[in-house]
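For reference, the structure discussed in these notes is given below.
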Amino acid sequence: MIIKLRKQKIAFTLGVLLLIILLFFSLDEKVLMKGRADFEQYLATIDSGLSHKVNLVDEGEGIHHVENPEGWSEFSRKKYRSLLYALPNIIKHNFQADLHERIDIDIPYMGFKEILLDRDRAISNGFNPNPSFVKAEIKFMTKNYQARIRLKGDFSDHWMSQYRMSFRVELKGDSTVMGFKRFNLQKP
């Protein structure tokens, strides 16, 4: 009886493992990329002390750009050591007051649905061909502003993840936010 139960457990475990392997290989590469980007950006929304893993190594000189393939190998060599050195600053950031002004965006449901359709098109095309502007309301400090907003960016790091998309904002009328009538909202 015990041997029979053990064989059933092994068969069940192997079956589940085989199912997971088949599922993994049957998934579309874009689905896997989206899932990875969503996971990374979700983690970044939890801790805003680090905006992107590349920033551990790249201090603004752009070593990770497509035009600089050596930058990616440098990132691979330095990422763990840099994370270790950056860890105290990341932790310290969580105990400090937020130094940035907050901007809230209210987008009607149908407008946000349009933005998500643009995002899906951009993911399937590999670039953001012709994004649509939708109505939005921007709240900054104590004022509300009527605006038009759209998905921003030609490259996928602006729109691959549903958790941290970049937007182009155009305020209506003569309104400005910090002196700007048009501006972008994106991760640093």
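Determine whether ASP174 is loosely packed, with under 12 Cβ neighbours inside 10 Å and part of a strand (DSSP E or B). Spelling it out, it is not the case that ASP174 is loosely packed, with under 12 Cβ neighbours inside 10 Å and part of a strand (DSSP E or B).
Quick one: in segment 154-169, which of the residues that are modelled with pLDDT under 80, in a loop (DSSP other than H, G, I, E, B) and not charged (D, E, K, R) is surrounded by the most Cβ atoms within 10 Å (Cβ to Cβ)?
Applying the first criterion (modelled with pLDDT under 80) to segment 154-169 yields 154-164.
Filter once more, so that each one left must be in a loop (DSSP other than H, G, I, E, B): 154-155, 159-164.
Checking which are not charged (D, E, K, R) leaves us with 155, 159-163.
On the way: PHE155: 14, TRP159: 27, MET160: 22, SER161: 23, GLN162: 13, TYR163: 16.
This residue is TRP159.
Evaluation of ASN130 against the conditions (1) over 19 Å from the mean Cα position of the chain (by Cα); (2) surrounded by 15 or more Cβ atoms within 10 Å (Cβ to Cβ); (3) over 17 Å from ARG182 (Cα atoms); (4) not aliphatic (A, V, I, L, M) shows that the sole unmet condition is (2).
The values are calculated or read from the model by the stated rules, or taken from the named source; none is laboratory data. Because the structure is a prediction, the values reported are computed rather than measured. Ideal geometry is used to build each Cβ from the backbone, glycine not excepted, and the neighbour counts take in all protein chains shown.
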